[in-house]
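Below you'll find the structure, written out as structure tokens, and then a few comments.
The values are calculated or read from the model by the stated rules, or taken from the named source; none is laboratory data. All values derive from a computational prediction rather than experimental measurement. For neighbour counting, all protein chains shown are included, and Cβ atoms are generated from backbone atoms with ideal geometry for every residue, glycine included. The protein model used for the area step is the full one, side chains on, heavy atoms only, and it has no ligands, DNA or RNA in it. Shrake-Rupley method; radii C 1.70, N 1.55, O 1.52, S 1.80 Å.
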Amino acid sequence: MQVTVAATQFACSENAAENLDKAEALVRQAASVGAQVILLQELFETPYFCKDHLARHFDLARPIADSPVVRRFQALARELAVALPLSVFERANNAFYNSLAMIDADGEVLGVYRKSHIPEGPGYHEKYYFSPGDSGFRVWNTRYGALGVGICWDQWFPESARCMALLGADLLLYPTAIGSEPHDASIDSRDHWQRCMQGHAAANVMPLVASNRVGKERGEKYEMTFYGSSFIADASGAKVAEADRTSETVLTATFDLDQLHEQRRAWGVFRDRRPELYQPILTLDGRVPA
């Protein structure tokens, strides 16, 4: 099965309606050039609000079932017959999650992934807003293959990608919001970020899509410039499409999922695994219980 995937990137303003309209326009643009799986960036409804500790931002969260944003993009997915992994700020009673609703090409929400790894640092104060996800890693069988999705900080953990691969993923997708480090202007982690995810693609012999935002955003204390540089990597980890640091754009690439399935079986990285030796990874300090 031939599947065309799309990465997107754009700048977010304080006007949520404009952000949603822009996201929809990019989805329509991607679908018009044949994309069937279309990835939007992390938390695209608003600027990246985790720059500050501000309790008022909790008002942005909605239960998945009651989210007008989810309903809007369900209708769009159904109209265009595309799969849309949708990043949202989820409220579940008194808990709050950085979540993703997987919308299939018929508009059905197949399930929800809650971000597993929650960062905390200058300008990226996610632990204030989000509880650690309790969904476990998820892979959904969509009209266009089995999709595994991590969210931003998850992309730094090879365990995330490997778990999704073991669960049967055909494609790995990462919506993200990564940019400058506001406490140290000398740090530019753009290339490090890309290479880390290219390694996930190569190690698991499957394509990977990363969608990031662009633009400068200012909080009460910190200002950051997002890297853009969204990209698509093939099953060897090579970048086959890449955006620049500033453009609002759509990238696409087409993959033969059947051929890639055969390639993974032949390569042997799953056949030769030794899970009985991996006990150190189950602990924080690597200590194996006696």
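A few remarks follow.
- One residue alone among Y128, Y174 is of a type outside the set (G, A, S), open to solvent by less than 30 Å² (accessible area, probe 1.4 Å) and either at pLDDT 95 or above or more than 13 Å from the chain's Cα centre (by Cα) (or both), and that residue is Y174.
- H117 meets all of the listed conditions (1) outside any loop (DSSP other than H, G, I, E, B); (2) surrounded by 14 or more Cβ atoms within 10 Å (Cβ to Cβ) but one, namely (1).
- Residue in the stretch 241-264 that is most open to solvent (accessible area, probe 1.4 Å), counting only those that are within 11 Å of M1 (Cβ to Cβ) and charged (D, E, K, R): D258
Quick grid of which residues meet (1) part of a helix (DSSP H, G or I); (2) open to solvent by 30 Å² or more (accessible area, probe 1.4 Å); (3) among the charged types (D, E, K, R); (4) in contact (Cβ under 8 Å) with a residue 60 or more places away in the chain:
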site	(1), (2), (3), (4)
A23	yes, no, no, no
A35	no, no, no, yes
P47	no, no, no, yes
C50	yes, no, no, yes
H57	yes, yes, no, yes
R71	yes, yes, yes, no
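- The residues listed here are E42, E90; of these, the one that is touching a helix residue (DSSP H, G or I) at 6+ places or on another chain (Cβ under 7 Å), without any contact (Cβ under 8 Å) to a residue 60 or more places away in the chain and either open to solvent by 10 Å² or more (accessible area, probe 1.4 Å) or not in a helix (DSSP H, G or I) (or both) is E90.
- Residues that are out of contact with any Leu (no Cβ under 8 Å at 6 or more places or on another chain) and under 21 Å from W267 (Cα atoms) were ranked within the stretch 197-236; the one that is surrounded by the fewest Cβ atoms within 10 Å (Cβ to Cβ) is S236.
- Scanning the stretch 167-178 for any residue that is of a type outside the set (S, T, Y), in a helix (DSSP H, G or I) and either under 22 Å from N98 (Cβ atoms) or in contact with a His (Cβ under 6 Å, 6 or more places away or on another chain) (or both) turns up nothing.
- Within the stretch 182-190, at least one residue is open to solvent by 10 Å² or more (accessible area, probe 1.4 Å), assigned to a helix (DSSP H, G or I) and at pLDDT 95 or above.
- Close contacts from the stretch 254-269, counting a first residue that is within 11 Å of A235 (Cα to Cα) and a second that is of a type outside the set (F, W, Y) and open to solvent by 80 Å² or more (accessible area, probe 1.4 Å), with Cβ to Cβ under 8 Å and a gap of 6+ residues or different chains, come to F255/Q2; D256/M1; D256/Q2; L257/M1; L257/Q2.
- Every listed requirement among (1) assigned to a strand (DSSP E or B); (2) open to solvent by 50 Å² or more (accessible area, probe 1.4 Å) is met by W140 save one, (2).
- Within the stretch 78-88, tally of residues that are within 12 Å of V112 (Cβ to Cβ) and not small (G, A, S): 3
- Candidates are the residues of the stretch 9-28 that are of a type outside the set (A, V, I, L, M) and closer than 19 Å to D106 by Cα; the one that is farthest from the chain's Cα centre (by Cα) is R28.
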